[in-house]
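J.: Okay, handing you the structure first.
The values are calculated or read from the model by the stated rules, or taken from the named source; none is laboratory data. Every value quoted in this text rests on a predicted model; they were computed, and no experiment measured them. Because the Cβ atoms are built from the backbone with ideal geometry, glycine has one as well, and the counts that use them run over all protein chains shown.
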Amino acid sequence: MKLKIGCHLSAAGGYEKMGREALFLGASTFAFFTRNPRGARSKETDEKDIGALLKIMEENDFATLVAHAPYTLNPCSAEKKVRDFAFFVMEEDLKKMQYLPGNYYNIHPGNHLGQGVQRGTELTAELLNKIIKPEHETTVLLETMAGKGTEIGSRFEQLRDIIERIRQKNKVGVCIDTCHISDAGYDIKNSLDEVIGLFDRTIGLKYLKAMHINDSLNIMGAKKDRHAKLGEGTLGLDTIINVINHPDLKALPFILETPNDLEGYKREIEILKEAYKG
């Protein structure tokens, strides 16, 4: 088994360019924002460009891609107009993802803004139930969060509560971010088996579809979400190597979101491929 590893790439140059950059990096997957990560603007769909990427993926045995929704969306806002905006963007993104069938669409579960965690999980599930259709060929992933402010998704129970309310459960999953869950208080450095066991008992490993692998600048439980390059944070390179070799995790697509340029990502990918035990 080969390591399914990649990083976050800029979509500014198009789909084929991202595929070629992934090959340059030695990657077999990658993540990308479906539109400007801070705004609503989305490019027109270029089917020829997407077709060129699909050809690269098929010829080079790529793993599942992990598209990312803009991180400014708040599907559980107290304001209806903010929720409506999240609905508009996600609905349009999932329509466009039909041109890249069988891949993932990662979202942040949102901020409850004082309404309470329960109300936040209810609103996020309500919005997803309006968006996710039986004909969709994309799986929507809820990302584990660090717990800043009123974020939901920092506890496994919160993600479980959202998933339990989703009608199309076969089209939803979870993406664990190593920096986020450490910042949220899960000790993956010293107790990885226990954390993964807790995830399985709370949500179920069948829902774990992908991982963001990042070191953290913060101590465990800091609830701050500041990524670090591998080996330059409080988790350390050995922790990340343990993650990619864990028997319940090793077959997942892993996405680097470390503060790097392409050469930095290439080095980290090489390090992890060398450490992977397959």
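J.: Determine if the stretch 217-232 includes at least one residue that is over 20 Å from Gly153 (Cα atoms) and surrounded by 20 or more Cβ atoms within 10 Å (Cβ to Cβ).
T.: Looking for residues that are over 20 Å from Gly153 (Cα atoms) and surrounded by 20 or more Cβ atoms within 10 Å (Cβ to Cβ), one finds at least one in the stretch 217-232, hence yes.
J.: Please give the number of the condition Lys95 fails out of (1) assigned to a helix (DSSP H, G or I); (2) buried (at least 17 other Cβ atoms within 10 Å of the Cβ).
T.: Condition not satisfied by Lys95: (2).
J.: Kindly indicate the residue of the stretch 241-263 that is closer than 16 Å to Val66 by Cβ and not β-branched (Val, Ile, Thr) and also surrounded by the fewest Cβ atoms within 10 Å (Cβ to Cβ) among those meeting that condition.
T.: It comes out as Ala251.
J.: Name the residues in the stretch 193-210 that are touching a helix residue (DSSP H, G or I) at 6+ places or on another chain (Cβ under 9 Å) and either touching a residue at least 60 places away in the same chain (Cβ under 8 Å) or closer than 17 Å to Met145 by Cα (or both), would you?
T.: Across the stretch 193-210, the qualifying residues are Val195, Ile196, Leu198, Phe199, Thr202, Ile203, Tyr207, Leu208.
J.: So, of the residues in the stretch 105-133 that are outside any helix (DSSP H, G or I) and either at pLDDT below 95 or among the small types (Gly, Ala, Ser) (or both), which turns out to be nearest to Thr72 (Cα to Cα)? I'd like the intermediate steps shown before the answer.
T.: Kept after step one, since they are outside any helix (DSSP H, G or I), are these residues of the stretch 105-133: 105-116, 132-133.
From what's left, either at pLDDT below 95 or among the small types (Gly, Ala, Ser) (or both): 110, 114, 116.
Values: Gly110: 9, Gly114: 18, Gly116: 19 Å.
Step by step, filter the stretch 105-133, then rank; the result is Gly110.
J.: Within the stretch 1-35, count every residue that is within 20 Å of Leu141 (Cβ to Cβ) and either of a type in the set (Lys, Arg) or part of a loop (DSSP other than H, G, I, E, B) (or both).
T.: Summing the residues that are within 20 Å of Leu141 (Cβ to Cβ) and either of a type in the set (Lys, Arg) or part of a loop (DSSP other than H, G, I, E, B) (or both) in the stretch 1-35 gives 10.
J.: Taking the condition of a type outside the set (A, V, I, L, M), part of a strand (DSSP E or B) and under 17 Å from the mean Cα position of the chain (by Cα), does Asn74 pass?
T.: no
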